[in-house]
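To keep things clear, I will list the structure first and then write my remarks on it.
FYI, it's all coordinate maths here, none of it is from the lab. Just so you know, these numbers come straight off a predicted model, no measurement behind them. Note that each Cβ is placed from the backbone with ideal geometry, even for glycine, and that neighbours are counted across all protein chains shown.
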Amino acid sequence: NLFDGTPTYNDLLQYDAVVFFKHWSSGVTTALQNALIAYANDGGGVVALHHAVYNEPEGALNKDILIDQLFGVESGPGVDVSNAALQNYHLFSVNYGHFVSTYGVDLAGDNPGLSAPGSWSGNSPSTSGNLSYSYYQNFGIYDEIYDNITFTPGQSFGRGVNQITPLFSNDVNGYADPVSHASGFVKLFNPSGDGSVGRVVFFQPGERRESVTINHRYGQVIRNAVVWAAQAN
């Protein structure tokens with residue numbers, strides 16, 4: 001547990017990848033945030049789950065540095081806890097074939113393809129197209145979603161360095177952009193522009209331990225993420 005004390009940059013260098021799951025801002029010091037960013041910038045892997053981007057200030061402490069410089073996504077102050085209840089929903093694979101979202105994940109059999117929910121913007125396919133391609137591979141999950149999760153201003157999306165590469169969207173009723181589309185992504189991270197490229201992963205689900213067990217599809221996704229993040233560029 002790296003939070004038994006405040007890990008330094010040199011502490012983090014002992015690991016190919018770290019998992020960040022800190023809920024409140026207590027203990028998330030400026031030094032820790034800067035250490036994580038330097039570690040990722042120098043080729044380290046950071047896998048962030050659920051609470052990692054919950055940014056409720058506690059006194060002078062907050063996660064602003066990590067949110068703004070590393071993750072690019074936030075569940076900020078004022079979340080409606082009544083809407084953060086556990087619920088059943090689907091994670092749609094919007095980048096099918098990526099190692100993190102696909103390797104070892106059973107997306108067939110009892111998981112028929114689903115069409116994009118009506119809450120997604122611009123999801124109506126052309127009537128002249130082959131509608132069999134308008135369905136997404138997916139799997140079900142029972143977990144928590146905050147109703148105010150959003151990408152921070154200035155994010156770039158794509159497959160390049162320092163761009164957010166989406167992996168998952170969700171179909172929770174009543175949610176549209178950006179809550180639906182901030183369910184999971186990866187990022188090649190190199191703000192310094194040198195030859196060392198780190199790997200960052202974020203997934204919105206993660207409240208329940210049952211979701212990350214060895215027999216759950218999402219658990220396989222998390223394991224894939226750790227393997228992917230640990231591969232230095």
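A cut-off of 5 Å between modelled amide H atoms, ignoring neighbours fewer than 5 places along the same chain, links I164 with S156, F157, G158.
For region 9-229, a simple Cβ point-charge model (Lys and Arg +1, Asp and Glu -1, everything else neutral) yields a dipole of about 460 debye relative to the Cα centre. Other residues lying with their Cβ under 13 Å from the Cβ of D42 contribute a combined charge of -1, Lys and Arg counting +1, Asp and Glu -1. The Cβ shell under 13 Å around T165 holds other residues with a net charge of +3, Lys and Arg each +1, Asp and Glu each -1. Could you work out the local net charge near L86, counting Lys and Arg as +1, Asp and Glu as -1, over the other residues with Cβ closer than 11 Å to its Cβ? Its environment carries a net charge of -3.
The P(r) of region 9-229 has a tail past 23 Å containing 46 percent of all C-alpha pairs. Considering the options A85, N34, V19, tell which one lies farthest towards the positive end of the dipole of region 9-229, charges being +1 on Lys and Arg and -1 on Asp and Glu at the Cβ, about the Cα centre. Most positive-ward Cα: V19.
A Förster distance of 45 Å, applied to the separation of the beta-carbon atoms of Y135 and S192, puts the FRET efficiency at 0.65.
On the principal axes of its alpha carbon atoms, region 151-233 extends 40, 31, 17 Å, with the longest extent given first.
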